[in-house]
Amino acid sequence: MAVVCYFYMSMLKGKKILLGITASIAAYKSILLVRLLIKAGAEVKVVMTPASKEFVAPLTLSTLSKNPVLYNISDEDTWANHVMLGRWADVMLIAPCSANTLAKMAKGLCDNLLQAVYLSATCPVAICPAMDEDMWHHPATKRNLEVIQSDGVKVMPAEFGELASGLIGEGRMPEPESIARYLQEQFFRTKELEGKKAVVTAGPTYEAIDPVRFIGNHSSGKMGIAIAEELYLRGAAVELVLGPTENTTTLLGISVTKVKSASDMHTTVLGKLPGTDVIIMSAAVADYAPASPSKEKIKKNEDTLTLNLVKTTDILKTVGAIKKGHQLLVGFALETNEGHEAARDKLKAKNADMIVLNSLLDPGAGFGKDTNKITIFTKDGGELSFLEKSKIAVATDIVDLILTKLK
Ligand code: CTP
């Protein structure tokens, strides 16, 4: 399943992150992580275990973090003030965290600077374990993880994939983008939409022709996923109703319901409506579906094949007809022409509060792209045109406008 970094790292701006690095081959990813965090505007200080210097050079990390890298409790006459480091940081993240460091954390040992910083840290602590699969599944590792979690440490789950041993299995440290996203999700969500619930539809729908074929479209779901992530990171509870696409979100707090057809999506959305404040329909729902899908694979016995299609339920229109006064409904319009008139018509016909128009005439807009160019039409007659931007930035614009409407 592909996971793309869809949201801005803006929540990391100005945050103080103390990165602990331990002896694991995954330490090479810490270099990229430091670079990513610095690019996002965070302040980063690095503390290493002595053994981790075999894997990555302190010089690389101090250059990228723009801060000295610490690994000794004392150097000649100077003593590293581990207490102040733990007080300086908003978050201490140990990535990668080896089985050895994990065990020391569970026992409360203090035989190196990293352990001393961990034991004296007053900020929240998170770890990204990285080890070979057999070590990851060892009962001692499981026990140690339980102990540190009960001590309040957050554990980002190790991933499945190729390991240093050459084996494929669990124990891999996630990629830097996923780790940065995890930090934002766990520690830096804002509260603008706290207490609000949002339902977002995204992706295509597949309408079965027979057990092996379907009618679908090129929607990647990227725009809707970006909106769901933006809403969630700004405090909302988010239900993402996702059609068949390989893209998804790694934000653990977003509830994802996978659906296939327009009919599945319709039923799922209606089930989630009660208690919802914002409904955003960015899915490219099929307008027509085969009237009676064949139960058996259709054989190519004839020279022509005629499919009888029937209209699917218009989910946006259905929701528009039943929505309560406080519920804000946002629809999308994808047009192959300029589309302003069609978007305004859709606003009325579907009783939506906002219609987000994107036109396939714009080279930076459309299916599968990482950019979009939108115009938003609002119920009160407003029309706001935006420049071509990344889908992440477009999601921010949409959520900004939703916030003003909710107020
Ligand atoms: N939509 C929906 N249910 C459908 C079809 C579309 O909820 N069965 C929603 C989409 O999620 C989108 C909006 O309707 O938010 C616009 O979809 P679009 O296909 O562009 O417009 P239609 O209303 O279907 O009109 P047309 O295809 O004629 O332009």
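The values are calculated or read from the model by the stated rules, or taken from the named source; none is laboratory data. Everything quoted here is computed from the prediction, not taken from an experiment. Cβ: placed from backbone, ideal geometry, glycine included. Neighbour counts: every protein chain shown. Quick note on the areas: whole protein, heavy atoms, side chains included, nothing else; ligands and nucleic acids left out. Shrake-Rupley method; radii C 1.70, N 1.55, O 1.52, S 1.80 Å.
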For this session: Using the charge dipole of the chain (Lys, Arg: +1 at Cβ; Asp, Glu: -1 at Cβ; taken about the Cα centre), state which of P68, M223, T267 has its Cα farthest towards the positive end.
Result: T267
Exercise. Once the Cα atoms of helix 340-349 and of the chain are each reduced to a long axis, what angle between those two axes, in degrees from 0 to 90 to the nearest 10, is obtained?
Worked result: 80 degrees
Exercise. In degrees between 0 and 90, to the nearest 10, how far off the longest principal axis of the chain does helix 176-187 point, with axes built from Cα atoms?
Worked result: 90 degrees
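Report, in deg cm²/dmol and to the nearest 500, the calculated mean residue ellipticity at 222 nm for the chain, where each DSSP H run with n ≥ 4 adds -39500 (n - 2.57) and the sum is divided by the residue count.
Per the formula, -9500 deg cm²/dmol.
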Exercise. For the stretch 11-59, with equal point scatterers placed on the C-alpha atoms only and solvent neglected, what are the log10 I(q)/I(0) values from the Debye formula at q = 0.18, 0.22, 0.25, 0.28 1/Å, to two decimals?
Worked result: -0.53, -0.73, -0.88, -1.02
Seminar exercise, completed: So the carbon and sulfur contribution to the accessible area of the stretch 9-187, 1.4 Å probe, in percent, is 53 percent
For this session: Round to the nearest 0.05 the FRET efficiency obtained for S255 and D111 when R0 = 60 Å and r is the Cβ-Cβ distance.
Result: 0.90
Problem set entry | the chain - Kirkwood radius from inverse mean 1/r over Cα pairs (Å) | 23.6 Å
Exercise. Length gain on complete extension for the stretch K66 to L32, per 0.36 nm per residue less the alpha carbon to alpha carbon distance?
Worked result: 10.8 nm
For this session: Starting from the amide H of V44, placed 1.01 Å from N in the peptide plane, find each other amide H under 5 Å away whose residue is 5 or more places distant or on another chain.
Result: I17
Seminar exercise, completed: accessible surface per residue for the stretch 1-155, probe 1.4 Å, DNA/RNA/ligands not counted, whole Å² -> 47 Å²
For this session: Measure of size requested: the Rg and Dmax of the stretch 9-187, with Cα atoms as the atom set and Å as the unit; please supply both.
Result: 15.0, 46
Problem set entry | FRET efficiency, I322 to S294 (Cβ-Cβ, R0 22 Å, nearest 0.05) | 0.05
Problem set entry | Under the Karplus curve 6.51 cos²θ - 1.76 cosθ + 1.60, θ = phi - 60°, whole-Hz ³J(HN,Hα) for the stretch 192-203, x wherever Gly or Pro sits | 4, 10, 4, x, 9, 10, 10, 10, 10, 9, 8, x
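When only Cα pairs under 8 Å and 6 or more residues apart are kept, what is the percent relative contact order across the stretch 9-187? Before the final figure, lay out the partial values.
Values: 366 pairs, mean separation 41.2, N = 179.
Relative CO of the stretch 9-187 lands at 23 percent.
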Seminar exercise, completed: Under 20 Å between C-alpha atoms, the lysine pairs in the stretch 206-301 lying 8 or more places apart or on different chains count 6
Exercise. Given H placed on each backbone N at 1.01 Å, which residues far from V256 in sequence or on other chains put an amide H within less than 5 Å of it?
Worked result: L240
Problem set entry | Anisotropy class of the stretch 304-343 from Cα gyration tensor, a/c 1.5 cut | oblate
For this session: At a 1.4 Å probe radius, which order do Y288, Y71, Y182 fall into by accessible area, largest first?
Result: Y288, Y71, Y182
For this session: Check each of the GluC sites (Glu not before Pro) in the stretch 310-354 and keep only those in coil by DSSP with at most 16 other C-beta atoms within 10 angstrom; list them in order.
Result: E338
